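Structure first, commentary second.
The values are calculated or read from the model by the stated rules, or taken from the named source; none is laboratory data. Every value quoted in this text rests on a predicted model; they were computed, and no experiment measured them. Positions of Cβ are backbone-derived with ideal geometry, glycine not excepted, and every protein chain shown enters the neighbour counts.
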Amino acid sequence: MKLNKTLFLLLTASLALSANAQEYVDLFRAHGNLAPNANYPGDDNQGNIIEAGIDLTLPIPIDDKFAIITGLAAERQSFYPDSSLNYKTEIFSANAKLGFSYRFRPSWSATFIGLPKMAGDIHGSSANDFQIGAMLLLKNIQSKKLNFSYGVYANQERFGMFLVPLLGMYYLSPRKDFEINATLPVWADIKKRVGFNVWCGASFSAMVRSYYLNDPELSNQSLYLERKSNDILFYVQFDINQTLILQTKMGYSIGRSAEVYNSNDKVDLGLSLFRFGDDRTQLNTDMLDGPMVQLKLIYRYNFK
């Protein structure tokens, strides 16, 4: 009885969160990335970029229009920060998710999520690791199989204020064998069913994050690292059952970099791909673009 009650609450919360916008919600995701033999211009030394992360979302229903959104996300990466350094640095981030979703009209809903975060390296922690961000999204719901969203993401990064306008779309074909799920310019996913429990698809994700560096091996200065990449991946998805999904991905990382700056070296404003007032002096060499693979496990709740 307790298990059934818990599942019922999750179902109700998922319905409130999605505002009837689609037929499922992903409650948990875990991924592991490997970029093999990543190196620097003119450098024969090669090292892997390794990343692992989790993302947990737990909506709490209040009524049929309003839900509180909670959750946690964390990741850890290791790589060589410069061709002149023969050791790896390891960075991490951990952020809470706290906000709400409210359906104020039958075809419109609003979601606001606060995103406080700690982002640094494993060699220590301080108040400099702390960042604060938020996301606001307005969703226009045409049906369970089609909706559009408009919003903005903002975060006080180590390099300054960072804003990203968001434009999204979700579409599921009438036969439920073709799906598009995108929030541009941050990520996009398109897939087609090719078997009873097998899909083939392609995904795009763009990452811009910053981390305070506590590593004394880098310098006695106060430094931060700005990590960027645009990953294009092709994948095969296996629906293990109605709730567990496994994705095996392979592709290429474009515009990959891990730029080190002095903490006082900032920009006036970061706006998606652009930096205004950016006269910073980079202290290391950018890594090269290259191939990568990813393994992702998803726990999905279907309310159909």
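I need the strands (runs of 3 or more DSSP E) fully contained in region 197-304, keeping only those with at least 1 residues that are in contact (Cβ under 8 Å) with a residue 60 or more places away in the chain, among the hydroxyl-bearing types (Ser, Thr, Tyr) and in contact with a strand residue (DSSP E or B) (Cβ under 9 Å, 6 or more places away or on another chain).
In region 197-304, the matching strands (runs of 3 or more DSSP E) lie at 198-213, 223-239, 244-262, 290-302.
Among the candidates ARG105, ARG76, which residue alone is more than 18 Å from MET161 (Cβ to Cβ) and without any contact (Cβ under 8 Å) to a residue 12 or more places away in the chain?
Answer to the selection: ARG105.
So, in region 61-92, of the ones that are farther than 12 Å from ILE122 by Cβ and aliphatic (A, V, I, L, M), which residue ends up modelled with the lowest pLDDT?
Only one residue tops the list, namely LEU85.
What residue, of ASN95, ASN128, is modelled with pLDDT of 90 or more and outside any strand (DSSP E or B)?
Values: ASN95 fails: outside any strand (DSSP E or B).
The conditions single out ASN128.
Starting from residues that are in contact with an Asp or Glu (Cβ under 8 Å, 6 or more places away or on another chain) and over 14 Å from GLN77 (Cα atoms), keep the ones in region 213-232 and report whichever is modelled with the highest pLDDT.
ASN214
Which members of region 189-216 meet the condition of being within 24 Å of the chain's Cα centre (by Cα), surrounded by fewer than 19 Cβ atoms within 10 Å (Cβ to Cβ) and of a type in the set (Phe, Trp, Tyr)?
Selection gives PHE204 alone.
Does LEU98 meet the test of being hydrophobic (A, V, I, L, M, F, W, C), surrounded by fewer than 19 Cβ atoms within 10 Å (Cβ to Cβ) and under 27 Å from ILE190 (Cα atoms)?
no
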